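J.: Quick one: this structure, given as structure tokens, is what I'll be asking you about.
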Amino acid sequence: MVRYAEPGTVEWVESGGGPLIAVPETVLPFWAGADGDETASDYDRACEVEGFMGLLPVGDSAALVLGDEPAATAYLPEYDTFVRWCAADSEDELLAGVPAALAAAAWEGEVDWKVPGPVVLFDAAWPGTDSARTDHVNVPLSAGRYAVRAANVQPGPETWLGLIQLRRLLD
């Protein structure tokens, strides 16, 4: 985990250049990352996701792929949102722009994501069983269905961020 501010403030996850992925803890052993003997690895499947986000089957569940670009990403539970650092002079500047970005976002279409409980956000190239040994963030989601939507927003002249927001749905 990368920390740009005081410890415990916000934990950021970075990738080696590919997409990040949020995998339910219960199916982490089924995510092979870039490993595997198959023609297309799980990492290859994640790289094929077009747009800001998408879902991929993993075990008996699905993982959320954070596509578009390999930006440092944090989960802000107060907004139920993954925030992606595209451009900003400081973490404080970026985080201060989140409320305005959420209000101004032109959201793309939603996907329906059913999760069995908490998820782990990490670089899609890593196998799920090794995710604890690399940059990762545990996201304490409750089991259930979520509407997931995404947008890229410029809340200030030198600040750009990506948003992937979760909204709990009634089952």
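J.: For the range 103-164 and the range 80-96, what is the centre-to-centre distance using only Cα atoms, to the nearest Å?
T.: First find each Cα centre; the distance between them is then 14 Å.
J.: Please report, in debye to the nearest 20, how large the charge dipole of the chain is about its Cα centre when each Lys and Arg carries +1 at its beta carbon and each Asp and Glu carries -1 there.
T.: Computed about the Cα centre, the dipole is about 520 debye.
J.: If I take R0 = 22 Å and measure r between the Cβ atoms of Cys47 and Trp107 in this structure, what FRET efficiency does the formula 1/(1 + (r/R0)^6) give, to the nearest 0.05?
T.: Details: r = 24 Å, r/R0 = 1.08.
Once rounded, the FRET efficiency stands at 0.40.
J.: Let me ask something else. What is the extension gain from Glu158 to Asn138, computed as 0.36 nm multiplied by their sequence separation minus the C-alpha to C-alpha distance, in nm to one decimal?
T.: Going from the current span to full extension adds 4.2 nm.
J.: Remind me, relative contact order of the chain in percent, using alpha carbon pairs under 8 angstrom and six or more residues apart?
T.: Computed value for the chain: 29 percent relative contact order.
J.: As an exercise, use a Förster radius of 35 Å and the Cβ-Cβ distance of Ala100 and Asp130 to find the FRET efficiency, rounded to the nearest 0.05.
T.: The value I calculate is 0.40.
J.: Let me ask something else about it. Using alpha carbons only, what's the Rg to Rh ratio of the chain with Rh from Kirkwood?
T.: Rounded to two decimals, Rg/Rh equals 0.95.
J.: Among Gly33, Gly109, Gly67, determine the one that fluctuates most according to a GNM of the chain built with springs between C-alpha atoms less than 10 Å apart.
T.: Evaluated over the chain, the most mobile residue of the options is Gly109.
J.: Same structure, new question: Applying the Karplus parametrisation 6.51 cos²θ - 1.76 cosθ + 1.60 with θ = phi - 60° to the phi angles of the range 61-67, what ³J(HN,Hα) value in whole Hz is obtained for each residue in order, glycine and proline being reported as x?
T.: For the range 61-67, the Karplus curve yields 9, 9, 10, 9, 8, 9, x Hz.
J.: Modelling each spin label as a point 7 Å along the Cα-to-Cβ direction, I'd like the Thr9/Leu169 distance in nm, to one decimal.
T.: Here the answer is 3.6 nm between the modelled labels.
Each reported figure results from applying straightforward, stated rules to the coordinates on display, with no laboratory input. Please read all numbers here as calculations on a predicted model, not as lab measurements. Glycine also receives a Cβ, built like all others from the backbone with ideal geometry; neighbour counts cover every protein chain displayed.
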